[in-house]
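The values are calculated or read from the model by the stated rules, or taken from the named source; none is laboratory data. On a predicted model such as this, the values are computed, not experimentally measured, just so you know. Cβ placement follows ideal geometry from the backbone for every residue including glycine, while neighbour counts extend to all protein chains displayed.
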Amino acid sequence: MNILGIDTSCDETAAAVVADGKKILSNIVASQVDLHQKYGGIVPELASRKHVESINYIIDQAVTDAGISFDEIGAIAVTNRPGLIGALLVGLSAAKSIAYCYNLPFMGINHIEGHVYANFMAHDNLPFPNICLTVAGGHTLLIEVHAGWKYSLLGTTQDDAAGEAYDKVSQYLGLGFPGGRIIDEYASKGKDTAIGFPRPLLNSGDYQFSFSGLKTAVRYYVDKAGEKLPPIEDIAASFQTAVVDVLVQKTIRAAKEKNAKAITLTGGVAANSQLRQTMHQAGVEIGVEVYYPPIQLCTDNAAMIAGIGYHKYREGLRDGLDLNAYATASIA
Ligand code: KG4
Ligand code: ZN
């Protein structure tokens, strides 16, 4: 069964066609990075407007690239929560219009559930329960994933998401937006013991995260150093190691406590080379395998939405044309 997936939760206009929850027939993502770059972050109103310009074209392209016609779509899965409300409404309205015109069933999907599902698209037979670390520009969540698409939320960020901290630190260092990949590159050439940045909530005894203080510590450090700033590579490496230390140690502790059969990483920050490497090594030490999807499924995309949408369809989920969008929503 072909599912058309649509995601406009943030700054990517995305549409995809996935067969039977797994086979990606098309996966189109129109990035708005150029639009938001000069502001050093995403401007919600600009994001919504850009989605309006792109959405029809992107959906058409997804269907054409899949080599099918609209008549061959069985259902529509659209992200309706959580995200930027104006942005979500664009994708949701498009999905409703197509569902109405072609008399198709449609389902509202939780964006985070899509991120979690990305690993199930990329890997066969992932064992349950597994611990999923979802780290992106807008989210940092530690989730216990049970069979049957049931979730326990173990912890989340109290303030900034990990990706948000990356983007802000990149801005302080004058390195551009989005900052994750740039900092990752600089960090690979720096000394991570150069500056002792804090590891927020590392020993809090729970699974909560906080990255705002770390972000501010980098800012104070840069402001105070003035002309005597050490190499950017060392600042990037010291910052990145602080982030990775917290993410890895908390995830590993959760995996041990919950007797997890696997650890999965997802979201844009899961593209981070040091996070992947360190988590992999830590997983080896406790005998738990670590999985992550290819980059195009880590970052925002609609294939993951179509993928989980297929399972929701089979579970009997159907939404009405009065379905709303929600800026905040929990996975569990
Ligand atoms: O999943 P995503 O595309 O969008 C959201 O749902 O937020 O994630 C984007 C975030 C940005 O904050 C970006 O800086 C970060 O992912 N990112 C990275 C890397 N590549 C992207 N962060 C750390 N290291 C990377 N290599
Ligand atoms: Zn996302």
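So residue 146 clears everything in (1) in contact with a helix residue (DSSP H, G or I) (Cβ under 9 Å, 6 or more places away or on another chain); (2) away from ligand 2 (no atom under 16 Å from the Cβ) except one condition, right? Which one?
Exception for residue 146: condition (1).
Listed residues 196, 180, 176, 190; which is out of contact with any helix residue (DSSP H, G or I) (no Cβ under 7 Å at 6 or more places or on another chain) and touching a residue at least 24 places away in the same chain (Cβ under 8 Å)?
196
Would you be able to tell me the number of residues in segment 101-119 that are under 24 Å from residue 56 (Cβ atoms) and away from ligand 1 (no atom under 13 Å from the Cβ)?
Of the residues in that region, 9 qualify.
Any idea which of (1) at pLDDT below 95; (2) over 27 Å from residue 263 (Cα atoms) is the one residue 10 doesn't satisfy?
(2)
I'd like the full set of residues that are of a type in the set (A, V, I, L, M) and within 23 Å of the chain's Cα centre (by Cα), limited to segment 196-219.
Listed by number, the residues that qualify are 201, 202, 214.
Return the pairs, sorted by first residue and then second, in which the second residue is of a type in the set (Gly, Ala, Ser), the first residue lies in segment 274-292 and is under 25 Å from residue 238 (Cβ atoms), the beta carbons are less than 7 Å apart, and the residues are 6+ apart or on different chains.
Within 7 Å, the pairs are 274/187; 290/283; 292/270.
For residue 162, are the conditions met, namely being of a type in the set (Gly, Ala, Ser), at pLDDT 95 or above and over 19 Å from residue 184 (Cβ atoms)?
no
Go through segment 94-104 residue by residue and tally those that are free of Cβ contacts under 8 Å to residues at least 24 places away in the same chain and in a loop (DSSP other than H, G, I, E, B).
1
For segment 302-309, does any single residue satisfy the condition of being part of a loop (DSSP other than H, G, I, E, B) and over 18 Å from residue 3 (Cβ atoms)?
So far as segment 302-309 goes, no, none of its residues is part of a loop (DSSP other than H, G, I, E, B) and over 18 Å from residue 3 (Cβ atoms).
Restricting attention to strands (runs of 3 or more DSSP E) lying wholly within segment 128-208, give those where 2 or more residues are surrounded by 23 or more Cβ atoms within 10 Å (Cβ to Cβ) and more than 8 Å from ligand 1 (Cβ to nearest atom).
130-135, 140-146
Taking segment 86-104 on its own, how many of its residues are in contact with a Leu (Cβ under 9 Å, 6 or more places away or on another chain) and within 14 Å of residue 320 (Cβ to Cβ)?
Within segment 86-104, residues that are in contact with a Leu (Cβ under 9 Å, 6 or more places away or on another chain) and within 14 Å of residue 320 (Cβ to Cβ) number 6.
Select from segment 105-127 the residues that are surrounded by fewer than 18 Cβ atoms within 10 Å (Cβ to Cβ) and in contact (Cβ under 8 Å) with a residue 60 or more places away in the chain and list them in ascending order.
Passing the criteria: 105, 123, 126, 127.
Just to be sure I understand the filter: pairs with C-beta atoms under 9 Å, separated by 6 or more residues or on different chains, first member in segment 224-253 and farther than 22 Å from residue 133 by Cα and at pLDDT below 95, second member buried (at least 22 other Cβ atoms within 10 Å of the Cβ) and not small (Gly, Ala, Ser). Which pairs pass?
225/235; 229/235
Please determine, by comparing only the residues of segment 252-288 that are in contact with a helix residue (DSSP H, G or I) (Cβ under 6 Å, 6 or more places away or on another chain) and not in a helix (DSSP H, G or I), which one is nearest to ligand 2 (Cβ to nearest atom).
267
So that you can scan it fast, the table gives a plain yes or no per residue for (1) part of a helix (DSSP H, G or I); (2) modelled with pLDDT under 95:
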| site | (1), (2) |
| --- | --- |
| 45 | yes, yes |
| 54 | yes, no |
| 71 | yes, no |
| 77 | no, no |
| 83 | no, no |
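Just wondering, is there one or more residues in segment 304-327 that are in contact with a Leu (Cβ under 8 Å, 6 or more places away or on another chain) and within 13 Å of ligand 1 (Cβ to nearest atom)?
Looking through segment 304-327, at least one residue is in contact with a Leu (Cβ under 8 Å, 6 or more places away or on another chain) and within 13 Å of ligand 1 (Cβ to nearest atom).
What is the number of the single condition among (1) outside any helix (DSSP H, G or I); (2) over 16 Å from the mean Cα position of the chain (by Cα) that residue 331 does not meet?
Among (1) outside any helix (DSSP H, G or I); (2) over 16 Å from the mean Cα position of the chain (by Cα), residue 331 violates only (2).
Can you name every residue in segment 1-25 that is more than 16 Å from ligand 2 (Cβ to nearest atom) and either closer than 29 Å to residue 167 by Cβ or assigned to a helix (DSSP H, G or I) (or both)?
Of everything in segment 1-25, just one residue is more than 16 Å from ligand 2 (Cβ to nearest atom) and either closer than 29 Å to residue 167 by Cβ or assigned to a helix (DSSP H, G or I) (or both), namely 24.
Answer with yes or no whether residue 91 is part of a helix (DSSP H, G or I), crowded, with 21+ Cβ neighbours inside 10 Å and within 16 Å of ligand 1 (Cβ to nearest atom).
Spelling it out, residue 91 is indeed part of a helix (DSSP H, G or I), crowded, with 21+ Cβ neighbours inside 10 Å and within 16 Å of ligand 1 (Cβ to nearest atom).
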